[in-house]
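The values are calculated or read from the model by the stated rules, or taken from the named source; none is laboratory data. All figures in this text were calculated on a predicted structure; none of them were measured in a lab. Keep in mind that these areas ignore ligands, DNA and RNA; they rest on the heavy atoms of the full protein, side chains included. Shrake-Rupley method; radii C 1.70, N 1.55, O 1.52, S 1.80 Å.
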Amino acid sequence: MKIGYLGPEGSNHWHVATTIVERFGGQIQPIDTPAELATCAATGAVDFSVLAMETNLLGMIEPHFRELLDSALEVCGEVVYEAPLALVAKPGTELSEITRIHSHPEAISECRAWLKANVPHAAAVFAGSTAAGAREVAASAGRNRAAICAPDTAAGLGLEQLVADIADPPGDVTRFWMLGRVNTVAAPATKTNLLITPLGADVSGVLRVLAASGVAIERVDAVTRRGALGDYSVHVSLHRGRDGDNIALVRKELESLADVRHLGSYAEFAA
């Protein structure tokens with residue numbers, strides 16, 4: 001099994017990919033962008049690609065979710081990973097010296113309130129991942145740059161933690177999905193995801209079917225369809241559990257009202 005992850009080594013994606021390989025065996029491969037991750041999984045260059053889909057602070061990561069929707073991939077597994085975000089820099093750096101903050105855009109957004117209150121003079125420098133931002137700081141000259149990343153990432157690069165857990169609110173938890181062409185993961189599915197596009201503009205019939213189904217619903221999202229403003233599909237994540245047999249019946253009923261795309265039935269794993 002080959003797992004693609006958003007590199008470089010030390011990123012949260014790397015930690016999650018490593019967890020999967022430790023559980024199932026195989027090898028990991030760094031890939032530069034979310035779009036390339038989706039392409040590599042779609043072409044078979046890797047068996048699965050690991051991609052962050054949701055954080056507890058900002059919700060769904062829309063560009064990553066679009067990579068799934070714009071492909072023929074499906075969700076083949078889920079890992080929830082907790083990694084506090086810290087401000088790190090070269091040893092001896094003072095907050096007053098910092099003029100640039102390097103990190104992934106999502107991490108910078110999650111720490112926006114702290115940054116505004118404590119280093120309002122510092123400009124954000126977007127990186128491909130939190131680990132990539134930390135590497136940029138480690139390779140830079142001088143001590144005017146800092147990064148936002150997990151503390152263990154900083155330690156491996158010779159950086160020191162200036163301030164711990166700066167997310168707003170503290171605590172950063174991210175949901176990662178394994179995306180692949182075919183789900184070959186040897187684990188019983190606990191969730192099913194569907195993308196439901198009403199045959200008309202009204203989604204109320206879809207919501208009534210879901211509400212009356214008795215199936216445990218983890219989340220419901222409105223997904224903007226490319227085209228007319230206000231034209232939506234509905235993304236649902238259903239817990240299989242004791243209601244597993246009912247999901248097929250619910251899907252059949254929904255298909256009389258909507259186009260229903262199966263996005264995957266998959267297992268959840270602990271990081």
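Here are the numbers:
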quantity	calculated
Residue-by-residue Karplus 3J(HN,Hα) for region 12-22, coefficients 6.51, -1.76, 1.60, Hz, glycine and proline x	4, 4, 5, 4, 5, 4, 5, 4, 5, 5, 4
Relative contact order for the chain, counting Cα pairs under 8 Å that sit 6 or more residues apart, in percent	23
Long-range HN-HN contacts of Gly264 with modeled amide H, under 5 Å	Val75, Asn193
Separation of alpha-carbon centers, region 105-133 and region 46-79, rounded to whole Å	22
Reachable aspartates and glutamates, given that their alpha-carbon falls under 13 Å from the alpha-carbon of Lys2 and they are not under 8 places away in the same chain	Glu22, Asp47
Label selected from (i) 58; (ii) 47; (iii) 54, the criterion being percent of Cα pairs over 26 Å apart as computed here	(ii)
0 to 90° range, to nearest 10: angle between helix 204-213 axis and the chain longest Cα axis	80
Percent accessible area from carbon and sulfur atoms, the chain, protein chains only, probe 1.4 Å	52
Distant-in-sequence amide H partners of Phe269 (H built 1.01 Å from N, under 5 Å)	Glu78, Val79, Val80
CD proxy at 222 nm, helix term only [per DSSP H run n ≥ 4: -39500 (n - 2.57); per residue of the chain; nearest 500]	-8500 deg cm²/dmol
Ranking by accessible area, most exposed first, for Asp221, Asp172 with a 1.4 Å probe	Asp221, Asp172
Solvent accessible area, Å² - Glu110, 1.4 Å probe, full protein context	10
Of all DSSP beta bridges in the chain, antiparallel share, percent nearest 5	70
Straight-distance crosslink candidates among aspartates and glutamates, where the alpha carbon sits under 13 Å from Lys90 and sequence neighbours closer than 8 are dropped	Glu136, Glu160
